[in-house]
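Report on the following structure.
Read the figures in this text as sums done on the coordinates, not as results from a lab. Quick caveat: nothing in here was measured; it's all calculated off a predicted structure. Cβ sites come from the backbone with ideal geometry, for glycine too, and all protein chains shown count toward neighbours.
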Amino acid sequence: MRRSGRSAIPASRRVRIGRWLAAALGSCAATALAQAPDTSSWVCQYCPFPDGYRAEYTAGADYVSDDSAYLGDATGYDDSGVYPKLSGDGSYLSQRYQARWRVEDLGLDSRALSLAGGRQGLYDFRLSYRELPRREFDTTRTIFSRSGDASLALPAGWQRASLTSGFTGLDAALAGRNIGSDRKTLEMGAAYLPLQALKLSASYTRIEKSGVDIAAGSYFTQSSLLPRPLDYSTDNVMLSARIAMDRGYLAAAWQGSFFQNTLLGTSWESPFLTAAGAETGRTAQAPDNRFQQLSLSGGYRLDGWDTYMSFSAAAGRATQDDVLLPYTTNGTLTTAALPRARLDGDALTARARLRLFTSPSRRAKNWASTSASARTAATTTRRSTPGPGSLPTRSTPAMPNRTCRTASAATAWAWMPATASRASCASPAATTARNSIATARKWPNRPRTVAGARCTGAPTSASTCARKAAPASAR
């Protein structure tokens, strides 16, 4: 006798029950549609969206018991005392606009501030300022004192000697000098989307650095460690435009970097015995220079074989036209004038790159790349020829420009056999075939015989083939 797992219900009764359930569900749906609730006054208590102003700040003070360059490096706690500080962040959000700001360690030499905001899909902006103190040494002592912008003078009544052992007033003349610098960075930028496919961007960065470092002031066979003053700045500017398309993009940019040093050189009084009129030495600091570059880049996706190609090209120019220092600081010597007052240096750069990636099938991928670059030094260099019994006085024609060019190209492709699993290695035969193809592409004219022995199969590299052919004593 067979038993069923469910109770036996006549077919006619099952039909009536189904009709009744269908009618009841239809009535409920009609009632729900007719009496839809008003959700306009509902408030989400578990997933609120931020709106309006929000800010959180922390104020306090720190106390440092002793002076320490080690503790104050990059933090600003280099002197003993109390340091008040303020840190925090905030934001403003609405359906159209947003802004976020942050302050960190206000009251210290390592302070930082930032502000960013904009309107989604139309424009955005950013502004930041930060300082970085570098405190290298606070126990340094020197006999030099700063006189003027970049001049180092000896103490009054200094007695020169040929050797340091003859400096009788050295201990009394030593004075403390902190070695370190302060760097200030200002950044600002903005982006604007006049069209959905067009984006215009601009950015500006200024970096200032001032302080004192240690430099060597050589003078024939003698040298002094100098507390060299620093005071220079760098301005970076960038303008760009990008057009987005259905299958690719095109971008163009201009960038410029401008370095300016307020100190042309460093001069110092030599503490050693020197010839008459040669008591002062001088060395140049980093010269003013400028660099500008235009660049163009883009990419495009083709229909066939899932192919994508991209390119980039740039051309730049670097110039340096700072004032040259005279031949000597010795006023008792008669010298000719410099062949020129400024360097008039000029260097041109260019580069280009083209890349292609294609996938003929799901198991085969191929990419190719080629690049080229060139640099031309266009400095007008002149050679001086000395006259009889005098310093150089005559100049020869300018030397020819020097150009350096480089170019490279590469291609490779990979094949995944149908029997190979993504989670496991390919078979030895497939690995050998893939290595053979890669070796032939990388070294098309490479011989298969190394050190008098013939390699079997396809070596994965030259060292593998050499190890197979070399005797055991040479491995």
Give the order of TYR83, TYR97 when sorted by the count of other beta carbons within 10 angstrom, beginning with the fewest.
TYR97, TYR83
How large is ³J(HN,Hα) for each residue in the stretch 133-148, as worked out from phi by the Karplus curve 6.51 cos²θ - 1.76 cosθ + 1.60 (θ = phi - 60°), to whole Hz, x for Gly and Pro?
x, 10, 10, 8, 9, 10, 10, 6, 10, 8, 8, 8, 10, 6, 10, x
Stokes-Einstein, Kirkwood over Cα pairs, the stretch 50-120, 25 °C, 0.890 mPa s; D in µm²/s equals 177 µm²/s
For LYS85, give me every one of the aspartates and glutamates with a C-alpha distance below 12 angstrom, ignoring sequence neighbours fewer than eight places off in its own chain.
ASP62, GLU104, ASP105, ASP109
For the stretch 279-286, Karplus couplings with θ = phi - 60° (6.51, -1.76, 1.60), whole Hz, Gly/Pro x
7, 10, x, 8, 9, 7, 9, 4
Surrounding charge for PRO227, neighbours by C-beta under 11 angstrom, Lys/Arg +1, Asp/Glu -1, total +3
Fewest to most Cβ atoms within 10 Å: ASP171, ASP105, ASP67 sort as ASP171, ASP67, ASP105
Beyond 26 Å, what share of the Cα-Cα pairs of the stretch 130-239 remains, rounded to the nearest whole percent?
43 percent
Among the aspartates and glutamates, which have Cα under 20 Å from the Cα of LYS365 when same-chain residues fewer than 8 positions away are ignored?
ASP303, ASP306
Report the local net charge at ALA191: Lys and Arg +1, Asp and Glu -1, summed over other residues whose C-beta lies under 10 Å from its C-beta.
+2
Taking the Cα centre of each part, how many Å lie between the stretch 182-242 and the stretch 302-344?
18 Å
